[in-house]
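Scroll down for the structure; my scribbles are underneath it.
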Amino acid sequence: MLLTNFSGSLALYEEAKKHLPSGASSNVRVYAHDPFPISFQRGQGSKVWDIDNNQYVDLLSSYGAVVLGHSHPAILNAINAQIRNGTMLGTTTELEVEVAKKIQSAVPCAEMVSFTNTGTEATMEAIRIARAFTGRDKIVKFEGHYHGHHDYVLFSVESPSVVAGLEQAPSKLPYYPGIPDGIAKSVVVAPWNDPVSLERVLKRNASDLAAIITEPVMGSAGVIPPKEDYLKSVRELADKYDALLIFDEVLTGFRIAPGGAQEFYGVKPDLACYAKALGGGTPIAAVAGRRDVMGMIGPGKIGYGGTYNGNSMCLAAANATLDELLKDDAAPIRHMHLTGAEIMEGLRELMSRYDHDGIVQGMGPMFQLYFTAARKIQNYRHTLQSDFEKFRRFRNLMLRRGVYFHPDGTERMMITAAHEDGDVESILSAAEDSLRELKRAS
């Protein structure tokens, strides 16, 4: 049965535009949502319901934050228990130390941990720490990578082909207006998955290079895993040119392995940033890393602060989330891999059956479908060959069949520990009908 009534979402969107810029507090919530975004009212497990009471299997998963699913009882119980003792207390707490210890036990690089509130803050702090520790200013980031919403990293997140420059030497393009030219001088852009080009960039900037920051699995142009041994090459090059290596594990942390991508690929960075899955749907983030680097944070040394850093309510949620994710030898993470792999393989088979050019790539907990003639997507430039308008049409067909994910093909589909066999069947059944209809319309 197709969903047809979205009148409540339309009415709320029209009202929201009167009070919220563009109708949302984050641009991604309205971008590519044509003709209007759906508004959710509640979530439970792997399902969400919109304000018209339409039910969906949720593959947005709050952009990956609700790693255990919506309204997980362990998280709700932990928050409710903590609220009775205070949502935030303004000092270091026993709970803060407890959660830090759990991160240290799971994450290879986490000799020390410091908390903040969002992934944006975590990468901002990590970059400042790296600059202060090395006494140098420049950072290298990769074309198409997204590291949050601060000026230091908002370059070449997207690069329209007409102004992007050569693939081996991408142009440095500010993502938004309002970023001072002076900041641009401290950022260097390199292509992803290309160690030869990266070394050229590092060699040219070696005298003032503080750090390389990277998503270990690229998750802001769909999902693009690193080539074999690529991250090891980046680690070796960082050491060769005396730069700190920062892994932005906001998407991969506590998702693709207990220790994130650094455990999954066997490459240890100097600093790593966490958010999303860490809090299970609450606003908490962390910077973790080498003791000699993190140990320089403190009064009279490297600055680090925030009123809500390490607030007790979110720490309680993080504590419960980590307990659930890591129990039974990380069985929930293995479940996400198996569930996602089954969906990916099913989508590949259906794409072939209905004669659509495309690929499905990623790993179980996070993946994306690309409508493209390419056999593999290995960097941002490759995504420009994809038919994102066709993806948007496919997404809207899936929406009407009760499966929700973002209409922008550069986002990703996210699996939670709550997704079950019935969800897999619903997703693949909806995909078969949608791909069949999409083929008839072509």
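Read-outs: derived from the displayed coordinates by stated rules, not from any lab. Remember, it's a predicted structure, so these values are computed and weren't measured experimentally. Every residue, glycine as well, gets a Cβ built from its backbone with ideal geometry; the counts of neighbours run over all protein chains shown.
Over all pairs of distinct alpha carbons, what does the Kirkwood formula give as the hydrodynamic radius of the range 362-439, in Å?
One decimal place: 13.4 Å for the Kirkwood radius.
Mean residue ellipticity at 222 nm, helices only, the chain: -12000 deg cm²/dmol; runs of at least 4 DSSP H residues each add -39,500 (n - 2.57), and the sum is divided by the number of residues. The local environment of HIS150, defined by Cβ-Cβ distances under 14 Å, has a net charge of -1 under the rule Lys, Arg +1 and Asp, Glu -1. Within the straight-line cut-off of under 16 Å between alpha carbons, none of the lysines are reachable from LYS276, sequence neighbours fewer than 8 places apart in one chain being disregarded. Pairwise Cα distances in the range 73-325 exceed 34 Å in 16 percent of cases. Sorted on the mean count of surrounding Cβ atoms within 10 Å across their residues, most packed first, peptides 185-197, 259-271 read 259-271, 185-197. Placing +1 on the Cβ of every Lys and Arg and -1 on the Cβ of every Asp and Glu, with nothing else charged, gives the chain a dipole about its Cα centre of roughly 700 debye. Take the chain, drop everything but the C-alpha atoms, weight them equally and run the Debye formula without solvent; then report log10 I(q)/I(0) at 0.12, 0.13 Å⁻¹ to two decimals. Results for the chain at q = 0.12, 0.13 Å⁻¹ read -1.05, -1.23. When peptides 272-279, 80-87, 328-335, 137-144 are sorted by average Cβ neighbour count within 10 Å, with the highest value leading, the order is 272-279, 137-144, 328-335, 80-87. Pairs of Cα atoms nearer than 8 Å and 6+ residues apart set the relative contact order; for the range 299-442 it is 23 percent.
Size descriptors for the range 1-145: radius of gyration and Dmax over Cα atoms are 20.3, 62 Å.
Residue-normalised convex hull volume from the C-alpha trace of the range 139-283: 114 Å³ per residue.
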